[in-house]
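Only one structure is covered here, and it is reproduced in the block below.
The values are calculated or read from the model by the stated rules, or taken from the named source; none is laboratory data. Since the model is a prediction, treat every value here as computed from it, not as a measurement. Please note: Cβ atoms are built from the backbone with ideal geometry, for glycine as well, and neighbour counts cover all protein chains shown.
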Amino acid sequence: MDVDAAKLALTVELMNGAIEDAVIENYEYLITTLDLPDPDDRHVLAAAIVGHADAIVTYNLKDFPAEVVGLHDIEVLHPDDFLVFQYDLNNIAFVKTIKEIREGLKNPPLAAAELIETYKGNSLHRTADLLTKAIELI
């Protein structure tokens, strides 16, 4: 897959600027002290510890056992659970954000039902169910 370096750099810049504390630095010293089923995932936990994260959101739950990650007061959440929690915190803001995301999709544009199908296709079934109930708002 060919990736335009300038577009990639812009995407990284926009992502980092969109979220306060998006970039965690100086976590490398912790990596070798952590024990996870997949050693290649230790950097994620190290960055979460240094960044004082409340949770790691991942589909890869098996490689972040709660008994290890929990020692650092960090939860491990499936993306569907995370999104449902966000909905429960403020369903109006959540639906509004999903609508803004959908309206920002240009290539290709997606109807609300199509967007919901992409959530289902990404194992976000509970989120898709919530969005189906609010389909006229997105």
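For the reader, a short list of remarks on this structure follows.
- Among the residues of region 8-21, none qualifies, meaning not one is free of Cβ contacts under 8 Å to residues at least 60 places away in the same chain and surrounded by 13 or more Cβ atoms within 10 Å (Cβ to Cβ).
- Among residues of region 86-100 that are over 19 Å from D54 (Cβ atoms), those with a Cβ under 7 angstrom from a residue that is not in a helix (DSSP H, G or I), sequence gap 6+ or separate chain, pair up as V95/A134; V95/I138; I98/I138; K99/I138.
- Residue check for I49: in contact with a strand residue (DSSP E or B) (Cβ under 6 Å, 6 or more places away or on another chain) and buried (at least 17 other Cβ atoms within 10 Å of the Cβ): no
- Highlighted here would be helices (runs of 4 or more DSSP H) found entirely within region 32-131 that include at least 1 residues which are over 22 Å from I19 (Cβ atoms) and in contact with a His (Cβ under 9 Å, 6 or more places away or on another chain), but there are none.
Let's see how each residue does on (1) exposed (fewer than 15 other Cβ atoms within 10 Å of the Cβ); (2) of a type outside the set (G, A, S); (3) assigned by TED's automatic domain parsing to the domain that holds D21:
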| residue | (1), (2), (3) |
| --- | --- |
| E67 | yes, yes, yes |
| R102 | no, yes, no |
| K106 | yes, yes, no |
| R126 | no, yes, no |
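- Test: residue in region 18-32 that is under 15 Å from G70 (Cα atoms) and not β-branched (V, I, T): no
- Close pairs (8 angstrom Cβ cut-off, 6 or more residues apart or separate chains): free of Cβ contacts under 8 Å to residues at least 40 places away in the same chain in region 111-126, of a type in the set (G, A, S) and in a helix (DSSP H, G or I) anywhere: I116/A128; E117/A128; Y119/A128; K120/A128
- Output for region 53-72, where each listed residue is charged (D, E, K, R) and either within 21 Å of L130 (Cβ to Cβ) or touching a residue at least 12 places away in the same chain (Cβ under 8 Å) (or both): D54, K62, D63
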